[in-house]
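Okay, so here's the structure we're looking at.
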Amino acid sequence: MRLLFIGDIVGKGGRGAVRHLVPELRREYGCAFVVANAENIAGGGGITRKCIDSLADAEVDVFTSGDHVWDQRGFAEEIVTLPHLLRPANFCPEQPGRGHAVFTAADGTRVGVLCLVGRTFMNGLGNCPFQAATSAVAELRRETPVIVVDFHAEATSEKIALGRFLDGRVSAVLGTHTHVETADQTVFPGGTAYHTDVGMVGAVESVLGRAIGPVIQRFATGMPARFTVVEKGIALHATLVDIEPATGRASHIERIVRRLDAGDEDGEPDHEMP
Ligand SMILES: [Fe+2]
Ligand SMILES: [Fe+2]
């Protein structure tokens, strides 16, 4: 079973790239299951149901999220209507939505997906991801050995540690949140595919998807600046993982990057940050 995992989709440009590129990537690489991180899908911060629905034909099976999941007003009510969208499992259990679930891939493989946030340099957002992973993985493994973890975290050390902690218990631990793809994709000895960060679907000429000037201004002067999303010149970063359905072991991991041709960028109205 081949998995395609897509990093943080940023704004309208990111959505356009996913719509145009994912169906062809699915066919080109023979992918049976596609996961994409949607935490920045609406105007670069947060999620709306409308943005998720706009990707109905993009052939993404499951959306994950992260620290920005509640940035858009009203999404706490909308998330319960989106069974294919996960919020971090180690957020407070009273929050709406769910953090892990089992889905069915196009080839019939049952795939468990788990979304977690890190705690290091993440403003103490979540509960312990190691504890949350242990209980969620035990639950998922009762249904399937094929388990994909999106670890949405800042610190490389915390991400590698969680990957090593779950080695042999899940099929893949794939990192998101930094928006910058790392070059350390590997399969650990226990059979878990690992990648510190998949990268984003966002503008190449940007700072993590935002216009360069205001970000420099904020760092250089300490003064507030409005960070607009760059919608042109989009690159899609993703990771492919081959998984043995009977055992859940990964046999191969590969990074891919695809540029959206300028002519394919579309004019869908954007959802600005509140
Ligand atoms: Fe992000
Ligand atoms: Fe994030």
Could you tell me how many of the residues in the stretch 17-40 are within 16 Å of ALA235 (Cβ to Cβ) and either out of contact with any Leu (no Cβ under 7 Å at 6 or more places or on another chain) or among the basic types (Lys, Arg) (or both)?
6
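The rows are residues; the columns are (1) closer than 19 Å to HIS152 by Cα; (2) charged (D, E, K, R).
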site	(1), (2)
SER54	no, no
ALA58	no, no
VAL69	yes, no
GLY74	no, no
LEU82	no, no
LEU85	yes, no
ASN90	yes, no
GLU94	no, yes
GLY97	yes, no
Which pairs do you get when a residue that is more than 18 Å from VAL117 (Cα to Cα) and small (Gly, Ala, Ser), found in the stretch 135-156, comes within reach of a residue that is assigned to a strand (DSSP E or B) and within 16 Å of ligand 2 (Cβ to nearest atom), reach meaning Cβ atoms under 6 angstrom, with the pair 6+ apart or on two chains?
none
Scan the stretch 155-172 for residues that are of a type in the set (Val, Ile, Thr) and more than 15 Å from ARG141 (Cα to Cα) and jot them down.
THR156, ILE160
Would you be able to say whether some residue in the stretch 25-46 is without any contact (Cβ under 8 Å) to a residue 24 or more places away in the chain and either crowded, with 24+ Cβ neighbours inside 10 Å or closer than 16 Å to GLU265 by Cβ (or both)?
no
Exactly one of these conditions fails for CYS51: (1) within 14 Å of GLY7 (Cβ to Cβ); (2) of a type outside the set (Lys, Arg); (3) buried (at least 23 other Cβ atoms within 10 Å of the Cβ). Give me its number.
(1)
Check GLY191, GLY199 and return the single one that is away from ligand 1 (no atom under 12 Å from the Cβ), modelled with pLDDT of 95 or more and out of contact with any helix residue (DSSP H, G or I) (no Cβ under 7 Å at 6 or more places or on another chain).
GLY191
Residue list for the stretch 84-99, restricted to those being surrounded by 22 or more Cβ atoms within 10 Å (Cβ to Cβ) and closer than 15 Å to SER135 by Cα:
PRO88, ALA89, ASN90, PHE91, GLY99
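The values are calculated or read from the model by the stated rules, or taken from the named source; none is laboratory data. These figures come from a predicted structure and were not determined experimentally. Here Cβ is always computed from backbone atoms with ideal geometry, including for glycine, and neighbour counts include all displayed protein chains.
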